[in-house]
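> I'd like to ask you about the structure that follows.
Please treat every number below as a calculation from the coordinates, not as lab data. Source: prediction; values computed, not measured. No Cβ is skipped: glycine too gets one built from the backbone with ideal geometry, and neighbour counts run over all protein chains shown.
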Amino acid sequence: MNPRFRLSLEPLTAEAFAPFGEVIGIEASAERFAINAGTTERLHALARVAHDGGQAVISIGIAQSRRLPFALELIERHPLGSQAFVPLDGRPYIVVVASTPADRPRAFLAANAEGVNFRAGTWHHPLIALADHSRFLIIDREGTGDNCEEVRCTEPWWIDAAS
């Protein structure tokens, strides 16, 4: 494992993730108000769903775990819409993002049941669950047009347990 291509895990915070999208979580909420005759507190507009020429769809994904050390060998983006992952089991997972495929990626540890919403066109690694059968609510775009571009890394980036 080339140390030059080793990524350190950063805590997932709204400020650190802002260049790539939004963090979806209780602590990330800026606007809160009562609904349902005051029986529910709504944490409003945690993320904006982009769906250029399509429609927003809600799905559930059941992820297999990845074992560390883990090699990041590809990166993808969705140019026509945003993509959100919200953990349903509260299990930790890893989020990897980059400004371009040629840039050094950043790796975030989502450990407090927060979700993420990648802005349209944000380069990211596919979901990296740390526990088998981790369930995620997925909100993204469905419609015509090519909305998934993948690029293989010339040399893999590594995340290991010591990160």
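> Could you check the spin-label model distance between D160 and V57? Points 7 Å from the Cα along Cα→Cβ, value in nm.
Inter-label distance under the simple model: 4.0 nm.
> Here is a follow-up. How long is the gain from E15 to H44 if the chain were fully straight, where each residue apart is worth 0.36 nm and the alpha carbon distance is subtracted? Before the final figure, lay out the partial values.
Working: separation 29, 0.36 × 29 = 10.44 nm, distance 1.81 nm.
Separation in residues times 0.36 nm, less the Cα-Cα distance, equals 8.6 nm.
> Note down the Stokes-Einstein diffusion coefficient of region 124-163 in µm²/s, whole number, using a Kirkwood radius over alpha carbon pairs, 25 °C, and 0.890 mPa s.
Numbers: Rh = 13.9 Å.
Answer from the Stokes-Einstein relation: 177 µm²/s.
> Could you please rank R4, R106, placing first whichever residue has the fewest other Cβ atoms within 10 Å of its Cβ?
Lowest to highest Cβ neighbour count: R4, R106.
> Using θ = phi - 60° and the Karplus relation 6.51 cos²θ - 1.76 cosθ + 1.60, list the HN-Hα couplings for region 22-27 in order, rounded to whole Hz, with x at every Gly or Pro.
10, 8, 9, x, 4, 5
> For region 84-95, just list the computed ³J(HN,Hα) in residue order, Karplus coefficients 6.51, -1.76 and 1.60, θ = phi - 60°, integers in Hz, with x standing in for Gly and Pro.
10, 10, 10, x, 9, 9, x, 7, x, 8, 10, 10
> Any idea how far the Cα center of region 7-60 sits from the one of region 87-154, in Å?
Measuring centre to centre over Cα atoms gives 14 Å.
> Determine the calculated [θ] at 222 nm for the chain from helices alone, applying -39500 (n - 2.57) to every DSSP H run no shorter than 4 residues and normalising by the residue count; nearest 500 deg cm²/dmol. Don't skip to the end; give the middle numbers.
Values: 1 runs with 4 residues, N = 163.
Here the helix-only value at 222 nm equals -500 deg cm²/dmol.
> Taking Rg and Dmax of the Cα atoms in Å as the quantity of interest, determine which of (i) 15.1, 49; (ii) 16.2, 58; (iii) 15.9, 60 was computed from the displayed structure.
Read-out from the structure maps to (ii).
> Still on this model: Quick one: which residues, 5 or more positions from C153 or on another chain, have an amide H under 5 Å from its amide H? H modelled 1.01 Å from N in the peptide plane, none for Pro or chain starts.
Distant-sequence amide H within range of C153: L74, I75.
> Okay, moving on. Pull up all non-local amide H partners of W123: gap of 5 or more, or a different chain, and H-to-H distance under 5 Å with H placed in the peptide plane.
A98
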